[in-house]
Each structure stands twice: as C-alpha cells, then as structure tokens.
Amino acid sequence: MTDQKASSELRVAIAGLGSIGTKVAAALDQGIEGLSLSAVAVRDPAKHQAFINGLRRSPKILPLDRLGDAADIVVECAPSSQLRAIVEPAVKRGRAAVVVSIGGLLDNFDLVDLARANGGRIIVPTGALIGLDAVNAAAVGTIHSVKMVTRKPIDGLKGAPFIVQNSIDIDNLREPLKLFEGSAREAAKGFPANVNVAVALSLAGIGPDRTRMQVWADPTVTRNVHRVEVEADSARFSMSIENIPSENPKTGLITALSVIALLRKQRATLCVGT
C-alpha cells in the first residue's frame, strides 16, 4: 500500500468485539474500498488477542476515549450502557460515530448537539430492519402514523428490564404473549437490547413518542420478526423481515452486515439508496 493511498483512506475504529464488532473488523481487514481498520477498544484484551492476531493488519488496542485520536469513524458495537463513553469523545474531536445501540441514544440525545457544535456526525445504520430509505423519503412529506410489531423467540428476550421488573415468566410459554404496547421511547427503556430497530425507525420517521410499538414473546418463531406499517401523504406501505439470530440471540445476523454496508458507502464510487 502506498503512503498516498494510506493517507487518503478513512481510518475506522471499533468499540467492542462481540458478535457485531468481530464481523465488522474482519470485513475491514479483508478490504473495504477507501477504509482501513486502525484501532479497537475491548474490555478484556487477552480474551480477543487471538482474533486480533489473526487479522492481516493488527489494529491498535486503545481505551474508549482515545479511539477518536486514531480514527475518522468510530463504530460503537458495545452494550448501550457504554454508548456515551464511546460517542462523546469521538464527536468532540469532530469524528463520525456509527451507533448500533441506537436505543441508548434517546437518553443521550445531547450528543447530537455536541456533534453539531464540533463538526462531528452520528450515523445510524439500518440494522435489522428494512425500508428506512422509504421512511426517510416519506418524512420529507408528511407521515401520519408508524406502527411496528416485533416478535422474538424466548431466548432473545430473557433478561429484558421490562420482563424482570414486571416478574413475567416467559420460560414456559406455549403460545405468543404480547409483552408490551406503547411508544418506541418506552419500548427502548424496557427492551434496550431488543428494539434498536424501533428507535432507528422512529428517528427516520415521526419520532420516538409517536411511533407505536408492540413486543411479543413468541415460542412459535425461531427468527426475530419485525413488521412495520406506515401511512403517509406520499404512500402507504408495509414491511416485514425475519432475521436469523446471531450467536447472541438478542442480535440478528443482518445487523453486522448492515454496519458493513454502511461503511462501504462512505467511500464507494457507486452508492445505491438514500
């Protein structure tokens, strides 16, 4: 690689090497046009050393608050409780932050103003949903309503705060049970690891308070199922997707692929979709 090519590349850092972060890191290492993997941050470096050593070009291992020093784009692939610690120092340095734990952004929305004041950006991938480009387009006009129904296998919902706080027993379910109905904002608090898709949908459309959400525990499904219905002045449309869970049952396989697709767009010669 020539020095000129290296200097023109966007440097990407990844916070967290779980089911999403490892796939994104591997894709960057294998090659994405105009991008390079420069750094990672992990809680236990020894646990991930074999993976890092297996990459063609080993990235630096840095603390969360130093990723922005070594990268133009910082990708958050960590628990939502770590979102602020990852995004704040990055956008303060005028970097772009790709946020996967989008539900956590609602409680830290001042980060958007912080990014604006410092020339940074916060970028939300489509994640485990489809059709956000259509919702974005409809929102240029007027959207009247957005409704979303999520059905998940039991294992993907275990430990959710809403279930724990309400002492709901889902282990022995034999038929679907509606756990929650309300706004996307409320859903994000009750199911922080499960409804990032609803928050992304709400930010693309009519906001987290007007976007309506149902969450079902469904022992009859093996995939994470999302159905969305949108009524707008420009169109009426519905979307449905069934995502295969990754090794983390709370996360669909397609989530990591969505982040990779977003990164490919950053320097792609041909860019398709809004």
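The values are calculated or read from the model by the stated rules, or taken from the named source; none is laboratory data. On a predicted model such as this, the values are computed, not experimentally measured, just so you know. Positions of Cβ are backbone-derived with ideal geometry, glycine not excepted, and every protein chain shown enters the neighbour counts. Ligands, DNA and RNA are stripped out before the accessible areas are found, and what is left, the full protein with its side chains, is counted by its heavy atoms. Shrake-Rupley method; radii C 1.70, N 1.55, O 1.52, S 1.80 Å.
General observations
- If you filter segment 47-74 down to residues that are of a type in the set (Asp, Glu) and closer than 19 Å to residue 9 by Cα, you find that the one that is nearest to the chain's Cα centre (by Cα) is 72.
- Count of segment 146-162 residues which are open to solvent by less than 10 Å² (accessible area, probe 1.4 Å) and assigned to a helix (DSSP H, G or I): 1
- Residue match in segment 9-24 (condition: surrounded by 16 or more Cβ atoms within 10 Å (Cβ to Cβ), more than 25 Å from residue 193 (Cα to Cα) and aliphatic (A, V, I, L, M)): yes
- Which numbered condition residue 214 fails, given (1) at pLDDT 95 or above; (2) farther than 26 Å from residue 177 by Cα: (2)
- Being under 25 Å from residue 253 (Cβ atoms) and either open to solvent by 20 Å² or more (accessible area, probe 1.4 Å) or in a helix (DSSP H, G or I) (or both) is true of residue 29.
- The residues of segment 169-194 that are touching a helix residue (DSSP H, G or I) at 6+ places or on another chain (Cβ under 8 Å) and assigned to a loop (DSSP other than H, G, I, E, B), listed by number, are 170, 171, 173, 191, 192, 193, 194.
- Among the candidates 90, 71, 97, 138, residue that is assigned to a loop (DSSP other than H, G, I, E, B) and open to solvent by less than 40 Å² (accessible area, probe 1.4 Å): 71
- Pairing residues of segment 235-247 that are within 16 Å of residue 137 (Cβ to Cβ) with residues that are part of a strand (DSSP E or B) and open to solvent by less than 70 Å² (accessible area, probe 1.4 Å), at Cβ distances under 6 Å and at least 6 apart in sequence or on separate chains, gives 237/230; 239/228.
- Looking only at residues of segment 53-68 that are touching a residue at least 24 places away in the same chain (Cβ under 8 Å) and not basic (Lys, Arg), we find that the one that is most open to solvent (accessible area, probe 1.4 Å) is 65.
- Selected residue (only one of 123, 143 is modelled with pLDDT of 95 or more and under 15 Å from the mean Cα position of the chain (by Cα)): 123
- If you filter segment 244-271 down to residues that are assigned to a loop (DSSP other than H, G, I, E, B) and of a type in the set (Ser, Thr, Tyr), you find that the one that is surrounded by the most Cβ atoms within 10 Å (Cβ to Cβ) is 251.
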